[in-house]
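The values are calculated or read from the model by the stated rules, or taken from the named source; none is laboratory data. As the structure is a computational prediction, the values presented were derived from the model and not from experiment. Please note: Cβ atoms are built from the backbone with ideal geometry, for glycine as well, and neighbour counts cover all protein chains shown.
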Amino acid sequence: MPSADVSRAAPAGAALAFLLIALLSGCATTAYWPDTAQIDQAPVHQLDNVPFYPQEKYQCGPASLAMMLNTQGAGVTPDDLVGQVYLPERHGSLQVEMVAAARQHGMLVYPLQPRLADILQEIDAGHPVLVLQNLRFGWWPQWHFAVVIGYDTQADEMILHSGTEKAYHEPLTAFMATWDRADNWARVMLPPRELPATAQPLDYLVSANDLETTGQLDAARQAYRTALATWSDQPAALLGLGNIAYRQENWDEAASQYRRLTTEFPRISAGWNNLGEALAKKGCGEAASRAHDCARRLKPERYDEGADAAVEGTSPADCPVVDCPIQ
Amino acid sequence: MHTIRQYNRPIATLMSVVMLLFTLAAAPASASVVGTGELLTQQRADIDREDLTRMLARDDVKQALSDMGVSEQEVRDRIQSLTPSELASFKQQLADAPTGEGVVGIIVLFLVIFIITDMLCATDIFPFINCIR
């Protein structure tokens, strides 16, 4: 039975082939450029205004952050940032600390959607992108921060300031694999007068609000103004401007921002409620209680009856007339 | 820095406690002014709710729901009573799903899980459903 040998050898061969295919396909997941990539006569898009700092041992966090901040002229060194973002016992930096430190330097931190196309779009707009990569495997990770400064669609490479390598050319497939394993974490850090190329209204306003809640009020105000100039249909930008003025006890300014909010977006109850608060602080008792009434009419479950602060004395002359459009 | 990830959970827990304390401490100071974040959360929820409602218009979703004996109007009412965080978790599941037929499954499963757990009184999201027990 000469065929017996063949049939016995076949399963082993098939198993070996299967194993090889499985192993090879594991590293052969090819990545492609998105359709939106500008594949044109000049395939290399590279930013030349991003300074490079080679990282010290383990300190890719402070080095990458310094590159991001100094592109915007922050004038920091990686050493300045070590205390803010480096955990010696962990040999590393946390994403949340990197983001918080950037805010402390007055930058708006905008999270990109987990898409390669968005990174490319930011590069085209001249914005370097901070990315997190996992250089090893999901079960044995090696986290690494790097700054994307360009891409080459002809050579299929991403260009990064990474570790000790300046303008390192990384094959697109390798970049995508390591970036995917880090949940596609990517951020741009910009002065609040500039808009990220991929900015979406609500996401941008949430980033602006993060500046407001962390006490970076000047930067937050600028970011809300940028939002207002870009999208006229976003009530949160006006509410934010009013809330910052209120927090700084600038009642006139707060009242005027809330007034604009209630005029342009009369169905947003927060505008009426906050207008009532600002007017009460100004001493405009009657106008304040009319505004509060209006907020309650719009959203009775949110605002308590009779919670308005009592206003003493006579009203100043510049109290507005508040007319509630909701009956 | 390979061990950073394993600290995600404890740090998240610690941060939620810290944030809760801050909220409690900060609330009386200007409880009366509505914060910008509150409006943003609301607006995000409104958008998510619209997206979810729009998905009900898909024929395959309609079919799947009617096969289970759930009327479209009932589901509409239920979507209205979902909280912002429930809507966000739904959106996350949808984003993680591969495109194609799986999407209908997630939409239906999500709605039905909330309805069924509520009927078993495991959660208390929909007050108009009578508990089995």
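One table, with the values for the structure above:
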| item | result |
| --- | --- |
| Residue within the stretch A:69-77 that is free of Cβ contacts under 8 Å to residues at least 24 places away in the same chain and in contact with a Pro (Cβ under 9 Å, 6 or more places away or on another chain) present | yes |
| Every residue from the stretch A:136-154 that is in contact with a strand residue (DSSP E or B) (Cβ under 7 Å, 6 or more places away or on another chain) and either at pLDDT 90 or above or assigned to a strand (DSSP E or B) (or both) | A:143, A:144, A:145, A:146, A:147, A:148, A:149, A:150, A:151, A:152 |
| Single condition residue A:230 does not satisfy, out of (1) closer than 24 Å to residue A:118 by Cα; (2) surrounded by 21 or more Cβ atoms within 10 Å (Cβ to Cβ); (3) β-branched (Val, Ile, Thr) | (2) |
| Verdict on residue A:193 being more than 10 Å from chain B (Cβ to nearest Cβ) and either among the basic types (Lys, Arg) or touching a residue at least 60 places away in the same chain (Cβ under 8 Å) (or both) | yes |
| Residue A:122, sole failed condition from (1) at pLDDT 95 or above; (2) within 14 Å of chain B (Cβ to nearest Cβ); (3) out of contact with any helix residue (DSSP H, G or I) (no Cβ under 9 Å at 6 or more places or on another chain) | (2) |
| Residue within the stretch A:266-274 that is closer than 30 Å to residue A:102 by Cβ, in contact with a helix residue (DSSP H, G or I) (Cβ under 7 Å, 6 or more places away or on another chain) and assigned to a helix (DSSP H, G or I) present | yes |
| Residue within the stretch A:222-236 that is more than 10 Å from every other protein chain (Cβ to nearest Cβ) and touching a strand residue (DSSP E or B) at 6+ places or on another chain (Cβ under 7 Å) present | yes |
| Residue, farthest from residue B:103 (Cα to Cα), within the stretch B:50-78, restricted to residues that are among the β-branched types (Val, Ile, Thr) and in a helix (DSSP H, G or I) | B:75 |
| Candidate set from the stretch A:258-286 (those that are crowded, with 23+ Cβ neighbours inside 10 Å and over 14 Å from residue B:36 (Cα atoms)); member that is nearest to the other protein chains (Cβ to nearest Cβ) | A:277 |
| Helices (runs of 4 or more DSSP H) (entirely within the stretch A:49-117) containing at least 2 residues that are in contact with a strand residue (DSSP E or B) (Cβ under 6 Å, 6 or more places away or on another chain), within 14 Å of chain B (Cβ to nearest Cβ) and under 22 Å from residue A:166 (Cα atoms) | A:60-71 |
